[in-house]
Amino acid sequence: MKLLLTLIMLLCSAVSGVALCTAEGLYVYPSGRTIKQNSMFIVRGYAESQSVVLGLNKKYNIYLRSGGTIVRLVVKEICVGQYQLTQAILKPERELEAGREYTVIIDSLPKREELERISDKTDNSGVPSYKVVAGIDATRPEVTSKPVILKKRYAQYGCGPAIYVEFSNPAKDDSELWVKTTVRSLKSGKEATFYLVPDGEKIYVGRSMCSGAFAFRDDGSYEVEFSFVDSCGNLTAWAGERMVFTKPDVRSDDED
């Protein structure tokens, strides 16, 4: 049941015309089961779970455990989204041992909170454990071109609209790919940065019915830049001027 409600929240699905949002959600990336010895991690908190993310290694210790071995996870960056979403970028304090299986642990979680790994590719959720394969990934993502806008979408649901701009994803990497995305309103000057997980060849920039990194609250134009980073921290930074675009509105195409 919890998985079903989580998927409803993530996908903004509507059941019998009534859409539901959960009150909390705590998730970890990478989404796969295997990682390299220098892998990093993202912990993302939705709604009430944002306080857990902001309290990592202050109120809530976070670490990897493999049998009796403990590896502390160091918070390198906190990104606060514009609508009910906050994430922490974490790095192990030392290189992980090949062949071991590590589980991500957060101590003293509040009641009802549970850290899960959700795989967008397999719809697999569960205890966030990872098997470490031998090797250090030191190769930056390969980026063949600039992203382009594929589509703008606006869809009204029970708890609010889903608003996003669909960009192409021109990057490839052997490790899981993340996209460090910065969006700035040209009207207000407000800016937000968030690590997005692309959906194959697409990058979705915006917000769902229940949450999102970018809310598009201002009218007018925005600018965006994408830096491509893999789950081992190798970065291909954005170069040149940011892309300018206008936000989706009710006239935007919302059909597949």
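Screening the stretch 183-256 for strands (runs of 3 or more DSSP E) wholly inside it with 2 or more residues that are under 22 Å from G160 (Cα atoms) returns the ranges 191-196, 202-207, 221-230. Residue-level check: of (1) within 20 Å of Y27 (Cα to Cα); (2) in a strand (DSSP E or B), E166 misses just (1). Selection over the stretch 142-173 of residues that are in contact (Cβ under 8 Å) with a residue 40 or more places away in the chain, touching an Asp or Glu at 6+ places or on another chain (Cβ under 8 Å), within 20 Å of Y195 (Cβ to Cβ) and not small (G, A, S) gives a count of 2. Just so you know, in the stretch 9-34 the residues that are buried (at least 16 other Cβ atoms within 10 Å of the Cβ) and among the β-branched types (V, I, T) include one that is modelled with the lowest pLDDT, and it is T22.
Yes/no per residue for (1) crowded, with 17+ Cβ neighbours inside 10 Å; (2) over 20 Å from the mean Cα position of the chain (by Cα); (3) aromatic (F, W, Y); (4) closer than 29 Å to R33 by Cβ:
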site: L109; (1), (2), (3), (4): no, yes, no, yes
site: R112; (1), (2), (3), (4): no, yes, no, yes
site: R153; (1), (2), (3), (4): yes, no, no, no
site: A171; (1), (2), (3), (4): yes, no, no, yes
site: T182; (1), (2), (3), (4): yes, no, no, no
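Among the residues of the stretch 183-199, those identified as in contact (Cβ under 8 Å) with a residue 60 or more places away in the chain and either of a type in the set (F, W, Y) or closer than 27 Å to D137 by Cα (or both) are T193, F194, Y195, V197, D199.
The values are calculated or read from the model by the stated rules, or taken from the named source; none is laboratory data. Not measured: the values here are computed from a predicted model. Backbone-built Cβ (ideal geometry, glycine too); neighbour counts: all protein chains shown.
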